[in-house]
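Working notes, structure below.
The values are calculated or read from the model by the stated rules, or taken from the named source; none is laboratory data. Quick caveat: nothing in here was measured; it's all calculated off a predicted structure. Neighbour counts are summed over all protein chains in view; Cβ atoms, including those assigned to glycine, are modelled from backbone coordinates with ideal geometry. Ligands, DNA and RNA are excluded from the accessible area calculation, which covers all protein heavy atoms including side chains. Shrake-Rupley method; radii C 1.70, N 1.55, O 1.52, S 1.80 Å.
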Amino acid sequence: MVAPHLLRAALARMRHITGLPVSFGGTVTPAGRTVRLIELAGTTTGALRGLAIRAGSGLGGRVLVTARPGSVEDYATDARISHEYDRPVGAEGLRAIAAVPVLVGESVGGLLYGGIREPLTLGTRVLDAMGRIAARLGVELAVQAEVERRMAELETAAITRAARERPTGPERENLREAHAELRSIAQEITDPALRERLREVCERLSAPHEPPPAHHPLSPRELDVLSLVAVGCGNAEAGERLGLRPETVKSYLRGAMRKLGTHTRMETVVAARRAGLLP
């Protein structure tokens, strides 16, 4: 969930504000039960890179479960945490460590850590500063997630519209409003790849296209499913975009195959394009 460049910037701010010599952070896996450390700053070894922190394990695992900041004065000897990660932490020479959750809405999207190589108390000033940085990162991630969501909606609308017919007046106006709102949100995004993707989506929405033949064998839903399959979506992704169960997507796809006399997904896409049903 956490974009690497946003996480990297947050760690840099944390080191500057708190004065902690070491900082690192990671992202929550889709299942939400593990954090993988992907960004390190101030480390002298690669022992922590790629480490998977499980929920409930170690300091970070406790923070992941409780969604509350935590700290230890001496990681190796602290009795309040489990010690599955003593070896990589010890290899880096870290003693005092603090960890804070990055909340995106009500869910933990990542963790930020700060540490030093001597056993000292990391007071409330440090934890408060780390908490503010994590909160800012959470806002940035929420904005990015909203942009991604709206872009997926626009992509779906563009694909299914191209497979059907020109939009009606109200549909066109809704697309314009969403497009304008996306452009406004995009001003807050620093990721150049995301801005470029947004630009490409907008171009696709505004590009002229020819409507499909007036009479064709596929139902509107079959055409919707096939149009998403044609751009590389699997059954699960197509179902998520169209609000359908994967089994329902399979049913529509089988119907399209039967009507077009095909046997595979790719063969069906090719046949639909040859028949003028897909752009």
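What's the magnitude of the charge dipole for the range 218-278 around its Cα centre, counting Lys and Arg as +1 and Asp and Glu as -1 at the beta-carbon? Answer in Debye, nearest 20. Once rounded to the nearest 20, the dipole reads 200 debye.
Taking Met257, Met14 and ordering them by how much accessible surface each has at a 1.4 Å probe, largest first, produces Met257, Met14. Couplings 3J(HN,Hα) for the range 220-236, derived from phi with the Karplus relation 6.51 cos²θ - 1.76 cosθ + 1.60 (θ = phi - 60°), are x, 5, 4, 5, 4, 4, 5, 5, 6, 4, 5, 9, x, 6, x, 4, 5 Hz, where x marks Gly and Pro. The modelled label-to-label distance between Arg245 and Glu106, using points 7 Å beyond Cα along the C-beta direction, is 2.6 nm.
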